[in-house]
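K.L.:
Before I ask anything, here is the structure I am working with.
The values are calculated or read from the model by the stated rules, or taken from the named source; none is laboratory data. Since the model is a prediction, treat every value here as computed from it, not as a measurement. Backbone-built Cβ (ideal geometry, glycine too); neighbour counts: all protein chains shown. These area figures cover heavy atoms from the full protein model, side chains too; ligands, DNA and RNA do not enter into them. Shrake-Rupley method; radii C 1.70, N 1.55, O 1.52, S 1.80 Å.
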Amino acid sequence: MHPNPAFRGTATEKNLAFARERGFGTLALSGAEDAPLLSHVPFLISEAGDYADLHLVRSNPMVRAAKSAVPARLAVTGPDSYVSPDWYGVADQVPTWNYVAVHLTGRLEPLASEALPDLLDRLSAQFEAHLAPKPLWTRDKMDADAFARMLRMILPFRLHIEDVQGTWKLGQNKPTDVRHAAAAQMAAHGFGSETRELAALMQSPFADPDME
């Protein structure tokens, strides 16, 4: 996470709303080896924002590492883009990368296997809702035996969220006109992920430090 306070003042509620809307992130645990364990997972954040539910395949090394509650972090990334110094229209700038990311830190613990069907139902309902007006997919469309076999392959977990940190690096440390000029170039020529969405954030009142 970028340490510059100019990019770190976003309210916890906005960071949680961003993570909740994305619904997909990278879960990290300290492993027995030198490198951390990483898994890319869909998740659901509770209404109060105090936990996130997710599932892992049984063969995942994280399952063995999290037989009881362990420290964990869930990194949720949003749009990102390279920023060329030429885009600012002023002298003495350097290349950089703008992005949005939220880290949810806490303790990951296994849930009872009986919690898994409800978790899967809630996950599918959350993401299927984004596809409206398509009728929602529900597991009653599956053969019951096929669903039961799949259940045996995965296990439910809960991340109890103890800290929420967000970085919204949108050029807040630049004058408004300079930031807007870079955003316009990013929207037209940028490369990264969801560059137009990032450019829109850079041009929004949210990127003005006075709005925080």
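K.L.:
Just to compare against my own numbers: the Cα pair-distance distribution for the chain, 5 Å bins, whole % per bin, please.
P.N.:
Per 5 Å bin, starting at 0, the Cα pair percentages come out as 1, 7, 13, 16, 15, 14, 12, 9, 7, 4, 2, 1, 0, 0.
K.L.:
What are the aspartates and glutamates whose alpha-carbon lies under 12 Å from the alpha-carbon of residue 14, with same-chain residues fewer than 8 places away excluded?
P.N.:
The reachable aspartates and glutamates, counting only those whose Cα sits under 12 Å from residue 14, are 212.
K.L.:
Keeping every protein chain in place, order 194, 47 by accessible area at 1.4 Å, biggest value first, i.e. largest first.
P.N.:
The ranking, largest first, comes out as 47, 194.
K.L.:
Kindly express, to the nearest 10 degrees and within the range 0 to 90, the angle between helix 116-128's C-alpha long axis and the longest C-alpha principal axis of the chain.
P.N.:
Once rounded, one gets 40 degrees.
K.L.:
Ordered by residue, what ³J(HN,Hα) values in Hz, to whole numbers, does segment 19-28 give under the Karplus form 6.51 cos²θ - 1.76 cosθ + 1.60, where θ = phi - 60° and Gly and Pro are x?
P.N.:
3J(HN,Hα) across segment 19-28, in whole Hz: 4, 5, 5, 5, x, 8, x, 10, 8, 10.
K.L.:
Here's a follow-up. Quick one: compute a quarter of the convex hull surface over the Cα atoms of segment 40-137 and quote it in nm².
P.N.:
If you wrap the Cα atoms of segment 40-137 in a convex hull and average its projections, you get 10.5 nm².
K.L.:
Still on this structure, please answer the following. Using only the Cα atoms of segment 158-212, build the gyration tensor, take square roots of its eigenvalues as a ≥ b ≥ c, and label the shape rounded, prolate or oblate: rounded if a/c is under 1.5, else prolate if a/b is larger than b/c, else oblate.
P.N.:
Oblate shape, in that a/c is at least 1.5 and b/c is the bigger or equal ratio.
K.L.:
Against the longest principal axis of the chain, how steep is helix 176-189, in degrees 0 to 90 to the nearest 10, with axes from Cα atoms?
P.N.:
With both axes taken from Cα atoms, the answer is about 60 degrees.
K.L.:
Determine, for each peptide in 169-177, 88-96, the mean count of other beta carbons within 10 angstrom over its residues, then list the peptides with the highest first.
P.N.:
Packing order, densest peptide first, comes out as 169-177, 88-96.
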